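Participant: Please find one structure pasted underneath; my questions will follow.
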Amino acid sequence: MVAKAVEAPNVGFDFSNYARNQFFGERLQGIPKATSTGTTIVGVIFGGGDSGEEPGVCLGADTRATGGPIVADKNCEKIHYLTPQIRCCGAGTAADTEFVTNLISSNLELHALSQGRPARVVTAMTMLKQYLFRYQGHVGAHLVLGGVDVTGPQLFTVHAHGSTDKLPYVTMGSGSLAAMAVFESSFKENMKRDEAIALVARAIRSGIFNDLGSGSNVDVAVITKNGTENLRNYEMPNERGTKSRNYKFRRGTTAWTKESIRSLIVSEEIKSTSGAGKDQGGVEVVAVPTGAGAGGEEGMEIDS
Amino acid sequence: MELNGGSVVAMIGKDCVAIASDLRLGNQAVGVASNFDKVFPVNDKLYYGLPGLATDVYTLKEHLRFRVNMYRMKEEREITPKTFTHLVSSTLYEKRFGPFFIEPVVAGLPTPTELDPHPKPFISTMDTIGCITTPKDFAVAGTAADKLYGVAEGLWEPDLEPEDLFETVSQTLLNAVDRDALSGWGAVVHIITQDKVITRTLRARMD
């Protein structure tokens, strides 16, 4: 990468390390695995018709994030905010789902401001699919997009390569088969709100307990035209038991060779003297430490 | 990632955080340096660790120093741990298709504000492309990450006082890196409390 002077960051991705990383990939055991949300994510449309309740969308997700075979995060949030009335569950590469939903959320807010109307779910879907298609599936974001707008409740799936589906009930992620089994047997149209939440929770639990890539807790989001309810950790069927023993070490167990204490409390002692600035016997001057961290020694100092 | 070796662990205690790393720098099997510290300060109460490829440790450290200095100039205040985490995350995601081989760990104590007069101690970690995890107990990264997960899960408990947290984090790190060939050769621990930062170099196995 050509060294440049102080500059504003470029828009979009920076491919300058690509060649070097390919070389490392061959020389070492391959490039490190990114965190993935193995996941079970679902969405269902409820209400309207005979139910007597407001039509809406109910989204659900588990909370496990894996890095290879290791659980990297036991309680991550997979239901991302897009607009006040639209939410998006994300499966696939965790960083991709996080950043793509953040990007489209910002763009939706700008869009809504310029159009003078709340954003529609199809707008979010179109923005997502056009972005993902442009990157030909390399941005690994598999999404369940749901929300309510002027046209009513809408539920879509968006795949990493840019394809979309519009359906009354959807599941995605490694636990999608387990969750879909629950839906296919129990889904009915015009469910009541509580029935929909119970169904979604059952589907996610089915993914949590049967799929290795999903686990921990159930998150639910319920969206109607009156508002969005975020039920974070709606169910926690995998709480850790309390430890029966205490594993604190006796103080002094660990041997150390050097210790340095950086006191953050600044103390200053000033004795008034006559003759400003002159060095006089008996006057104690205590130096005020300025930042000795990354900013102080080589870079910027505040009010130095 | 398996070229230079190295591991970092951070833990939350009662009104304090600890962040610790080993000191080894190697070229696969050959040990090259035993004074390669991987934990750096941002300001008085915010530290971060960069385990992984050593060249990227230097590159990222300098890049972040630049970004934090710009932040300090523009905002005229110190960056908070949460904001710094997002700064690192965005920096890593910029290189989504040619990433840095680093899994950063951030540990810090947020300064009290009007909206949040008693902020909780903060730790976070992320993968090589910037996916943030904000655990409530401990964060691990590096070649000994799997072992660190195991030991930390067993030893950590909530509300440890600074001196107890020091013992727990030290024993976690030392015992985990002893089971990893690419980490070790010494260790440094920083305990960050509201009124001081205690830095201790541990006596570790040098094999």
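FYI, it's all coordinate maths here, none of it is from the lab. Being a predicted model, the structure only gives us computed values, none of them experimental. Because the Cβ atoms are built from the backbone with ideal geometry, glycine has one as well, and the counts that use them run over all protein chains shown.
Participant: What does the charge dipole of the range B:110-160 about its Cα centre add up to, to the nearest 20 debye, if the Cβ of each Lys and Arg holds +1 and the Cβ of each Asp and Glu holds -1?
Facilitator: Using only the charged Cβ atoms, the result is roughly 120 debye.
Participant: Would you please name the trypsin sites (Lys or Arg not before Pro) within the range B:1-100 that are DSSP coil residues with at most 11 other C-beta atoms within 10 Å of their C-beta?
Facilitator: B:Arg77
Participant: Determine which lysines satisfy two conditions relative to B:Lys61: a Cα distance under 28 Å, and not lying fewer than 8 residues away in the same chain.
Facilitator: Partners within reach: A:Lys4, A:Lys33, A:Lys258, B:Lys38, B:Lys45, B:Lys74, B:Lys82, B:Lys95, B:Lys120, B:Lys136, B:Lys147, B:Lys196.
Participant: Take chain B, connect every pair of alpha-carbon atoms lying under 10 Å apart with a spring to form a Gaussian network, then pick out the residue of B:Ser124, B:Ser89, B:Ser21 with the largest mean-square fluctuation.
Facilitator: Comparing B:Ser124, B:Ser89, B:Ser21 in the GNM, the peak value goes to B:Ser89.
Participant: Peptide B:96-108: average number of partner chain Cβ atoms within 10 Å per residue?
Facilitator: Across B:96-108, the average partner-chain Cβ count within 10 Å equals 4.
Participant: Please report, largest first and rounded to whole Å, the three semi-axes of the ellipsoid equivalent to the range B:7-202, where each semi-axis is the square root of five times an eigenvalue of the C-alpha gyration tensor.
Facilitator: On the way: eigenvalues 116, 94, 40 Å².
Ellipsoid half-lengths, sorted descending, are 24, 22, 14 Å.
Participant: For the range B:69-79, in order, what is each residue's ³J(HN,Hα) by Karplus, 6.51 cos²θ - 1.76 cosθ + 1.60 with θ = phi - 60°, in whole Hz (x at glycine and Pro)?
Facilitator: 4, 4, 4, 4, 5, 6, 8, 6, 7, 7, 6
Participant: First measure r as the distance between the Cβ atoms of A:Ile70 and A:Ser272, then evaluate 1/(1 + (r/R0)^6) with R0 = 60 Å and state the FRET efficiency to the nearest 0.05.
Facilitator: It comes out at approximately 0.45.
Participant: Using only C-alpha atoms and all pairs of different ones, pull out the Kirkwood radius for the range B:122-207 in Å with one decimal.
Facilitator: 13.8 Å
Participant: Related question: Report the one residue of A:Thr83, B:Ala20, B:Gly5 whose Cα lies farthest in the direction of the positive end of the charge dipole of the protein assembly as shown (charges on C-beta: Lys and Arg +1, Asp and Glu -1; origin at the Cα centre).
Facilitator: Checking the options against the dipole of the protein assembly as shown, the answer is B:Gly5.
Participant: For the range A:214-277, what are Rg and Dmax over the alpha carbons, in angstrom?
Facilitator: 28.2, 76
Participant: Nearest 500 deg cm²/dmol is fine: what mean residue ellipticity at 222 nm does the protein assembly as shown get from its DSSP H runs of n ≥ 4 alone, each adding -39,500 (n - 2.57), divided by its residue count?
Facilitator: -9000 deg cm²/dmol
Participant: Treat the count of other C-beta atoms within 10 Å as a stand-in for reagent exposure and order B:His118, B:His63 from fewest to most. Intermediate results must be reported in sequence, preceding the final value.
Facilitator: Values: B:His118 7, B:His63 15.
Fewest-to-most ranking of B:His118, B:His63: B:His118, B:His63.
Participant: Right, another one. Taking each residue of A:246-254 in turn, how many C-beta atoms of other protein chains fall within 10 Å of its C-beta, and what is the average? Could you put the intermediate results ahead of the total?
Facilitator: Values: counts 1, 6, 8, 8, 2, 5, 2, 5, 14.
Per residue, the number of nearby Cβ atoms from other chains is 6 on average.
Participant: Going by C-beta contacts inside 10 Å, put A:Met180, B:Met70 in order with the fewest on the left.
Facilitator: The most exposed by this proxy come first: B:Met70, A:Met180.
Participant: To make sure I understand the rule: partners must be aspartates and glutamates, Cα under 13 Å from the Cα of A:Lys243, and not fewer than 8 residues away in the same chain. Which ones qualify?
Facilitator: In chain and number order, the partners are B:Glu153, B:Glu157.
Participant: Then there is this: Give me Rg over Rh for the protein assembly as shown, both radii from the alpha carbons and Rh done the Kirkwood way, two decimal places.
Facilitator: Working: Rg = 25.4 Å, Rh = 24.9 Å.
Reported Rg/Rh (Cα atoms, Kirkwood Rh): 1.02.
Participant: Also: For the range B:7-202, give the magnitude of the charge dipole about the Cα centre (Cβ charges: +1 Lys/Arg, -1 Asp/Glu; no others), in debye to the nearest 20.
Facilitator: 680 debye
Participant: Between the range A:22-66 and the range A:235-262, what is the C-alpha centre distance in whole Å?
Facilitator: One Cα centre to the other: 34 Å.
Participant: Between B:Val30 and A:Asn233, how many nm apart are label points set 7 Å from Cα along the C-beta direction?
Facilitator: Spacing of the two 7 Å Cα→Cβ label points: 5.0 nm.
Participant: If amide H atoms are built 1.01 Å from N in the plane of the peptide, which residues on other chains or at least 5 residues away come under 5 Å of the amide H of A:Leu231?
Facilitator: Placed amide hydrogens put A:Val220, A:Ala221, A:Val222 under 5 Å from A:Leu231.
Participant: Now, a different point. Efficiency by 1/(1 + (r/R0)^6): what FRET value for A:Thr151 and A:Ser106, r their Cβ-Cβ distance, R0 = 22 Å, to the nearest 0.05?
Facilitator: My answer for the efficiency is 0.45.
Participant: Moving to a separate point now. Mean separation of Cα pairs under 8 Å and 6+ residues apart, divided by the residue count of the range B:7-202: what relative contact order is that in percent?
Facilitator: Rounded, it is 32 percent for the range B:7-202.
Participant: In whole angstrom, how far apart do the alpha carbon centroids of the range B:76-128 and the range A:157-192 sit?
Facilitator: Centre-to-centre distance over Cα atoms comes out at 35 Å.
Participant: Sort B:108-115, A:254-261, B:183-190 by packing, meaning the average of other beta carbons within 10 Å per residue, with the highest value first.
Facilitator: For the peptides B:108-115, A:254-261, B:183-190, the packing ranking is B:183-190, B:108-115, A:254-261.
Participant: Shielding by partners for B:63-70, please: the mean number of other protein chain Cβ atoms within 10 Å of each residue's Cβ.
Facilitator: 3
Participant: Enter the per residue convex hull volume of the range A:36-235, computed from alpha-carbon coordinates, in Å³ rounded to the nearest integer.
Facilitator: On the way: hull volume 19.6 nm³, N = 200.
Taking only Cα atoms, the range A:36-235 has a hull volume of 98 Å³ per residue.
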